[in-house]
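A quick write-up on the structure given underneath.
The values are calculated or read from the model by the stated rules, or taken from the named source; none is laboratory data. Source: prediction; values computed, not measured. Here the Cβ is made from the backbone with ideal geometry for all residues, glycine too, and neighbour counts use every protein chain on show.
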Amino acid sequence: MDSNKKLIKILLAEDNDDDIVMIQDAFARSRIINSFDVVKNGEEALKFLRKEGQYADRDRPGLILLDINMPKKNGFEVLEALKQDTRFDYIPVIMLTTSEREEDIVKSYKEGACSYITKPVNFNNFSKVIEQFALYWALISKIPS
């Protein structure tokens, strides 16, 4: 890895334990080391970013992986809140979801997501998608510090 590249701190907002494990495993397999924080619902994602309660000492992420279908606040509600808050509106948000609905894709981009990735159901395909994604964000893309 390029020594000039900083490790990306990633906030993963995902309520499915199996998907959390697969995402972290795929990043590890691609030999890209990132710091992951995981929250399991939309309210926790916003608390994390605002450094509220148990998240007071957490660093702001450089990238957010956001599932649409989460309890308490869904991914769209979180995305809208992020993009309306100047403290967070610059953080790249990638929608990582099982939904292939066109209206979800359109809404994600309208609300400010920078990418939309549909989770394949098959584990091997899912791992390949995440590995390619990890390589792109860690080695090619530039994000704000």
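Residues in the range 106-145 that are modelled with pLDDT of 90 or more and in contact with a Ser or Thr (Cβ under 8 Å, 6 or more places away or on another chain): TYR116 alone. One residue alone among MET95, MET70 is in a loop (DSSP other than H, G, I, E, B) and either touching a strand residue (DSSP E or B) at 6+ places or on another chain (Cβ under 8 Å) or not small (Gly, Ala, Ser) (or both), and that residue is MET70.
Can you tell me how many residues in the range 90-100 are within 17 Å of GLU43 (Cα to Cα) and surrounded by fewer than 20 Cβ atoms within 10 Å (Cβ to Cβ)? Reasoning before the result, please.
Going residue by residue through the range 90-100, those that are within 17 Å of GLU43 (Cα to Cα) are 93, 95.
With surrounded by fewer than 20 Cβ atoms within 10 Å (Cβ to Cβ) added as a condition, the list becomes none.
Of the residues in the range 90-100, 0 are within 17 Å of GLU43 (Cα to Cα) and surrounded by fewer than 20 Cβ atoms within 10 Å (Cβ to Cβ).
When the residues of the range 17-67 are filtered to those that are of a type outside the set (Val, Ile, Thr), under 17 Å from LEU96 (Cβ atoms) and without any contact (Cβ under 8 Å) to a residue 12 or more places away in the chain, the one that is surrounded by the most Cβ atoms within 10 Å (Cβ to Cβ) is ALA28.
In the range 110-128, of all residues being hydrophobic (A, V, I, L, M, F, W, C) and within 14 Å of the chain's Cα centre (by Cα), the one that is nearest to GLU100 (Cα to Cα) corresponds to ILE117.
Only one of (1) farther than 16 Å from ALA134 by Cβ; (2) at pLDDT 85 or above; (3) outside any helix (DSSP H, G or I) fails for GLU43. Which number is that? Every condition holds for GLU43 apart from (3).
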